[in-house]
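Just so it is clear, none of the values below were taken in a lab; they were calculated from the coordinates. Given the structure is predicted, the values throughout are model-derived calculations rather than measurements. Ideal geometry is used to build each Cβ from the backbone, glycine not excepted, and the neighbour counts take in all protein chains shown.
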Amino acid sequence: MSPGTSPPTQDAPGLRDAGNRVQQELLQQQAGPANCFQNIVTKIRAETGTDCDSYRVEIAGYSERCVKDCDDNARLAELRQAGQKACFEFCQRKQCKGPLFVAPPQCAVSECGNDPKCDQNACPNLNACFLLQERRVWNCVCQEL
C-alpha cells in the first residue's frame, strides 16, 4: 500500500456474535418488569485495517425498551455500554489491546410513544435510541499488543 493511502474498507455483513452476546448480557443485567419488551443491538457495519495499529471499526446500534416514562439518556447509556463491549471483543478477536470506543454524545435519532407491543399497564411507551449514522463514522480503534 502506498504511503498516505487508507487500507481497503470491508463492509461487515449482518450482526456479529459479539453484538448478540452483548444484547443478551445487557438484557439480563437491566431487566425491567417481566412483561416489558426490551432489545439492545449492536452491529459492526464496516471495518478497515491490516494490523492492530490500523484497525478501525464502525459500530452502529439501537436500544429500544417498553417503559412507563421515556428516558433517552438511559437508552444512550445502554448503547454506549454495548458499543464499548462490541469494540473490546472485536479488538480481542484480532489479538490487539485497546480498545478505544468513541461514544456518541447523543442519540442520532430517538423515539418515544405508546406502542401496542408494550404492556399498557406496566410500561406503555416504546422508548428507542439509534446510533445509525448517515455516513461512515469510525468509532472503534484497536492498538498493538
Using label points projected 7 Å from each Cα along Cα→Cβ, tell me how many nm separate Q133 and N35, to one decimal.
4.0
Sequence neighbours fewer than 8 away in the same chain don't count; with that in mind, list the lysines whose C-alpha is under 20 Å from K117.
K68
Excluding residues fewer than 8 positions from K94 in its own chain, the lysines with Cα under 22 Å of it are K43, K85
Distance in nm between pseudo-label sites at R93 and R80 (7 Å out along the Cβ direction from Cα):
2.5
Count the net charge of all other residues whose Cβ sits under 10 Å from the Cβ of Q143, scoring Lys and Arg as +1 and Asp and Glu as -1.
-1
S54, S110 arranged by Cβ crowding within 10 Å, fewest neighbours leading
S54, S110
